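Here the structure is laid out as structure tokens; the discussion comes afterwards.
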């Protein structure tokens, strides 16, 4: 590894002082003169026609300034992707319990809540669809009979199947014929919340010239701006979105959510309007993940070589497509080289809350299935689970699902690092007959996120630099970006100022999600710094009378490489350029995408299982991840630990309970949605593997997504090792584990694979 001055060193976050002193400003902290408070009326029916909405009593309540319904918006649909299937507010029909029907702006929150209670809605129920396995059948009622008329509708099976993604290679049937062992299984994952601490909040204000100002808790200010312009039928340039400090998002805050409600109310009243979701609304209005059913069929040879796989996954989309099963295809193979495969992912409408993003939409679900499945196969063959994974692991030069060549990566290094740290293979003894102790492993795979990115660097008159990007800091990424800029220009970190941004000032960039900021945004920051450096060297060359290639930039100055005392500081160069050489020194860069850079994470869990209660306790958790180059190792470890904790929570306890008849969320609070506490967590042991990527800044890869994928499978595999039962449904609750130990049947989730195959036939 190169000897860096800033990169690879631990740094406190650049916003740490603001955060710990309470000076960081969140959307909920904003108070503007004359500001009104907004509250929403939502549907109490899962599928019904709206016969009437009577807002007269609400409008007559003193202190109420405006009431809006779906009829007040242009009749336009929008979507999270290409498919435009959703209105911002229900008009003629409701499709899930919790769908917005009306919004009130009042002088205070209590008055707004009273007004909401006064709105009368008359419904006519329509048959609903709750079970995704029933929904995909051609015998099911259709949630959206006009699906094929929606803009952006593409290939799907029809009915309630709104999207289908596929990938094929080789001859899967021949692969199965050549196999010595074929294993077929079905897995089920539960609905789950992103669990962010700060509920979504937004303040909307209208400037004197009619422009709309939005202050929002969002990961994607440009995406919110574009979607808001669409649903309000406004020019994009008439909307400014300022991304405020954010208390967690994890994918839920990537797109337009609640911003349109205070926006229209602000336009109609001419006053600022604030809306803050309640915790209960966070479960219905912010797009959690819903259940997934996954079928896997894999053929292997007796010596442990995987020859073929068929994978079919049904993703419950809820009432609208939201974040679809975009990752459910590619990750059906896991981290393995499988020559023959047929992969299918279906997105299915039901009358439930719509689905949003959460840790790489669908990958955690597929990883639970594929890595549990991998363990089953290894045990059936009598091969150590780690050795089976090593034997089939992707190598440099292999072809990925999408046809890309696998570049140099650290998969094998992560596997070997985990093997060594945990002393695998191993068997944990137990002195207590009431307890079982076990070890399980898992391999997660992701790609370094890419997408449109832009950065600008201004060299200031005092020798500092100002860094401007359009990305939102949700994980300490501003610190990493500042480190990249500082390293490129030979500055200290405290000489880099990360500018606050909004869509008027900051250059366009994609949303902060999918682990794209350090890899993609960091790349353009490095390029922008190199652009600024080139301009500095050209100026200094004139000043010092030597060629630019004889100069170097470090220590806040440009100096002659062969004679370092002969130098000029950056502040002098900035002032010189302002007065005589063409104005401010600004380095810029942009890109649309970067090449594929895989990220691999190997995890191991040790558990204790109480045979009498089914209670599972994770006593040790180890993970090794190829991070390429750790820009800020302390920040990297924090991301790895946070992801692992989320994954452990998903494995053991977290589950949105949804009524099987109505689709209503039954536990919309942190008192009943069981997120893990710190006392529930083992110490997370992190191993940073650094195999530099060819395209990331200073060799960096993505970090944040991968650690959240594997814990459910690692823990499920450890439970099998401890007590000999295989759990194929999440969460791995004490009740479910005890039922398996006692031989009681658990809920079975079976899809009709033959029916799906026939439906796909030409």
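The values are calculated or read from the model by the stated rules, or taken from the named source; none is laboratory data. Just so it is clear, the structure is predicted and the values come from calculations on it, not from any experiment. Ideal geometry is used to build each Cβ from the backbone, glycine not excepted, and the neighbour counts take in all protein chains shown.
Numbers at a glance
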| quantity | calculated |
| --- | --- |
| Residue match in the stretch 310-331 (condition: outside the structural domain of residue 367 (by TED's automatic domain parsing), out of contact with any helix residue (DSSP H, G or I) (no Cβ under 9 Å at 6 or more places or on another chain) and not in a strand (DSSP E or B)) | no |
| Some residue of the stretch 601-615 being closer than 30 Å to residue 397 by Cα, out of contact with any strand residue (DSSP E or B) (no Cβ under 6 Å at 6 or more places or on another chain), in the same structural domain as residue 386 (by TED's automatic domain parsing) and part of a loop (DSSP other than H, G, I, E, B) | no |
| Residue list for the stretch 357-375, filter: in contact with a strand residue (DSSP E or B) (Cβ under 7 Å, 6 or more places away or on another chain) and within 30 Å of residue 668 (Cβ to Cβ) | 358, 360, 362, 363, 365, 366, 367, 368, 369, 372 |
| Residue list for the stretch 541-562, filter: under 19 Å from residue 460 (Cα atoms) and in a loop (DSSP other than H, G, I, E, B) | 555, 556 |
| Subset tally (residues that are at positive phi and either within 20 Å of the chain's Cα centre (by Cα) or modelled with pLDDT under 95 (or both)) for the stretch 296-340 | 3 |
| Hits in the stretch 376-386 - residues which are assigned to a helix (DSSP H, G or I) and either surrounded by fewer than 19 Cβ atoms within 10 Å (Cβ to Cβ) or in contact with a strand residue (DSSP E or B) (Cβ under 7 Å, 6 or more places away or on another chain) (or both) | 376, 377, 379, 380, 381, 385, 386 |
| Lone qualifier among 428, 418, 424, 411 - being over 22 Å from residue 722 (Cα atoms) and either in contact with a strand residue (DSSP E or B) (Cβ under 8 Å, 6 or more places away or on another chain) or not assigned by TED's automatic domain parsing to the domain that holds residue 612 (or both) | 411 |
| Odd one out for residue 82, checked against (1) modelled with pLDDT under 95; (2) in contact with a helix residue (DSSP H, G or I) (Cβ under 9 Å, 6 or more places away or on another chain) | (2) |
| Scope the stretch 208-225; condition modelled with pLDDT of 95 or more and over 21 Å from the mean Cα position of the chain (by Cα); matching residues | 211, 212, 213, 214, 215 |
| Complete set of residues in the stretch 737-750 that are in contact with a strand residue (DSSP E or B) (Cβ under 7 Å, 6 or more places away or on another chain) and surrounded by fewer than 21 Cβ atoms within 10 Å (Cβ to Cβ) | 746, 747, 749, 750 |
| Test: residue in the stretch 26-40 that is within 21 Å of residue 126 (Cβ to Cβ), under 25 Å from the mean Cα position of the chain (by Cα) and in contact (Cβ under 8 Å) with a residue 40 or more places away in the chain | no |
| Options 532, 541; residue that is touching a residue at least 40 places away in the same chain (Cβ under 8 Å) and outside the structural domain of residue 371 (by TED's automatic domain parsing) | 532 |
| Which numbered condition residue 498 fails, given (1) surrounded by fewer than 24 Cβ atoms within 10 Å (Cβ to Cβ); (2) in contact with a helix residue (DSSP H, G or I) (Cβ under 6 Å, 6 or more places away or on another chain); (3) farther than 25 Å from residue 225 by Cα | (3) |
| Filtered residues of the stretch 563-591 (kept if part of a loop (DSSP other than H, G, I, E, B) and either in contact with a strand residue (DSSP E or B) (Cβ under 8 Å, 6 or more places away or on another chain) or at pLDDT 95 or above (or both)) | 584 |
| So residue 702, is it at pLDDT below 95, within 30 Å of residue 4 (Cβ to Cβ) and surrounded by 20 or more Cβ atoms within 10 Å (Cβ to Cβ) | yes |
| Residue in the stretch 507-521 that is surrounded by fewer than 23 Cβ atoms within 10 Å (Cβ to Cβ), in the same structural domain as residue 585 (by TED's automatic domain parsing) and either more than 18 Å from the chain's Cα centre (by Cα) or at pLDDT below 90 (or both) present | yes |
| Test: residue 364 is under 20 Å from the mean Cα position of the chain (by Cα) and at pLDDT 95 or above | no |
| Yes/no for residue 432 being within 21 Å of residue 608 (Cα to Cα), surrounded by fewer than 18 Cβ atoms within 10 Å (Cβ to Cβ) and out of contact with any helix residue (DSSP H, G or I) (no Cβ under 7 Å at 6 or more places or on another chain) | yes |
| Strands (runs of 3 or more DSSP E) enclosed by the stretch 93-194 - at least 2 residues per element that are in contact with a strand residue (DSSP E or B) (Cβ under 8 Å, 6 or more places away or on another chain), touching a residue at least 24 places away in the same chain (Cβ under 8 Å) and closer than 28 Å to residue 259 by Cβ | 100-106, 120-125, 161-169 |
| Within the stretch 18-40, considering residues that are within 26 Å of residue 280 (Cβ to Cβ) and in contact with a helix residue (DSSP H, G or I) (Cβ under 8 Å, 6 or more places away or on another chain), the one surrounded by the fewest Cβ atoms within 10 Å (Cβ to Cβ) | 24 |
| Qualifying positions in the stretch 719-754 - over 32 Å from the mean Cα position of the chain (by Cα), more than 14 Å from residue 617 (Cα to Cα) and part of a helix (DSSP H, G or I) | 739, 740, 741, 754 |
